[in-house]
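Each remark here refers to the structure printed beneath this line.
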Amino acid sequence: MAKIIVVTSGKGGVGKTTTSAAISSGLAMRGHKTAVIDFDIGLRNLDLIMNCERRVVYDFVNVINGEATLKQALIKDKRCEQLYILPASQTRDKDALTKEGVERVLNELIEHGFEYIICDSPAGIEHGAFMALYFADTAIVVSNPEVSSVRDSDRILGILQSKSRRAEQGLTVKEYLLVTRYNPGRVESGDMLGVDDVQEILSTTLLGVIPDSESVLKASNQGLPIIHDKESDAGQAYADAVARLLGEEVDHRFLSVESKGFFQRLFRRSA
Amino acid sequence: MSIFDYFKNTKKNTASIAKERLQVIVAHERNKRNQPDYLPALQQEILEVIRKYVNIDQEHIDVQLENNGDCSILELNVTLPD
């Protein structure tokens, strides 16, 4: 049974696209046929994060409007055999996405044997964000340990629980919390909300905690989904999150400041 | 307040302030979210009825719906002027 997963947050700039790229790549690396769809109509960026911006010919809206077939629009990822990207359109017409059109594309993907469909939501709670979450049966709510992001996450959780298709059918959407840009040092000094605090406020299952890491920007500069950087803590944290999404029990890592040994301290700068 | 207390205060844990503020606003917004759509209209009509007899403002009336398991309580609070 195919799974439709929305990556959403309400607030912008918290790491939705980074997460969509990492999770979809991670699922494909684990052997699952995965499609990732950019719902940010007018402001497409997933293509850039996944390094396929120069291979975009047709987009999501072209497929909805019947101007291209799904097969023509899907871009095969160069790194993962099982991964396909459906880029957003650059049109400024916000109503280009219709419920019927989106449903048709999702059904066609399922017919083509895709096991996971990741919907990368735009920021806000407008039409695009609503379309991205409406058909989802699982939601990954991305939140930074910061007041405005946590509040917006709660708004999005409320929308998932009342406006999604599953809510209309009297069912629930499986909700996961993913805390990104986490800085254990600042949490320990009392300047940042801890993951327990965020989880307590939102009362949602914790999928993972992604540490604030320089490697994330370095990866996006190159169009490399961060999960491919197996040396980086953020990449490893995303791999753990993918394992949890697949039902494995994995302990959370990178939640406290690493205690560095004498030599590590001495040579800290050389790393 | 001694000078030492002053320095202590400036070091107050900002994360705990954030948590308290979030708990208050999130609880408030969840409560609002769970209320049925007809509540504002109901409040307006009750206000108009009371106004026939006593002159009160919008802020003197408060309507809330609380759900306790299988029973709902409609709470109406009207503050009458002196």
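The values are calculated or read from the model by the stated rules, or taken from the named source; none is laboratory data. Since the structure is predicted, the reported quantities are computational estimates derived from the model, not experimental observations. Neighbour counts are summed over all protein chains in view; Cβ atoms, including those assigned to glycine, are modelled from backbone coordinates with ideal geometry. Keep in mind that these areas ignore ligands, DNA and RNA; they rest on the heavy atoms of the full protein, side chains included. Shrake-Rupley method; radii C 1.70, N 1.55, O 1.52, S 1.80 Å.
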Note to self: When the residues of segment A:170-185 are narrowed to those that are more than 12 Å from A:PHE254 (Cα to Cα) and out of contact with any helix residue (DSSP H, G or I) (no Cβ under 8 Å at 6 or more places or on another chain), which ends up surrounded by the fewest Cβ atoms within 10 Å (Cβ to Cβ)?
What the structure shows: A:GLY170
Item checked: Odd one out for A:ASP137, checked against (1) more than 21 Å from A:HIS32 (Cβ to Cβ); (2) in contact (Cβ under 8 Å) with a residue 12 or more places away in the chain; (3) open to solvent by 10 Å² or more (accessible area, probe 1.4 Å); (4) of a type outside the set (A, V, I, L, M, F, W, C) -> (1)
Margin query: Is it the case, given these coordinates, that A:GLN222 is open to solvent by 40 Å² or more (accessible area, probe 1.4 Å) and away from chain B (no Cβ under 14 Å)?
Written below: yes
Next item on the list: Please go through segment A:141-158 and pick out each residue that is open to solvent by less than 10 Å² (accessible area, probe 1.4 Å), facing chain B (nearest Cβ under 10 Å) and hydrophobic (A, V, I, L, M, F, W, C).
Entry: A:VAL150, A:LEU157
Item checked: Given (1) more than 10 Å from chain B (Cβ to nearest Cβ); (2) more than 28 Å from A:ARG104 (Cα to Cα); (3) touching an Asp or Glu at 6+ places or on another chain (Cβ under 7 Å), number of the condition A:LEU202 does not satisfy -> (1)
Check: How many residues does segment A:95-107 hold that are touching a residue at least 40 places away in the same chain (Cβ under 8 Å) and touching a helix residue (DSSP H, G or I) at 6+ places or on another chain (Cβ under 6 Å)?
Finding: 3
Notebook entry, point to check: List, please: which pairs have Cβ atoms under 9 Å, are six or more places apart or on different chains, and start with a residue in segment A:1-29 that is more than 15 Å from A:PHE114 (Cβ to Cβ) and end with one that is open to solvent by 30 Å² or more (accessible area, probe 1.4 Å) and of a type in the set (Lys, Arg)?
Noted result: A:GLY10/A:ARG151; A:GLY10/A:ARG155; A:LYS11/A:ARG151; A:VAL14/A:ARG181; A:GLY15/A:ARG181; A:MET29/A:ARG79
Notebook entry, point to check: Do we have A:GLN161 as closer than 22 Å to A:GLY13 by Cα, surrounded by fewer than 20 Cβ atoms within 10 Å (Cβ to Cβ), within 12 Å of chain B (Cβ to nearest Cβ) and of a type in the set (S, T, N, Q) here?
Noted result: no
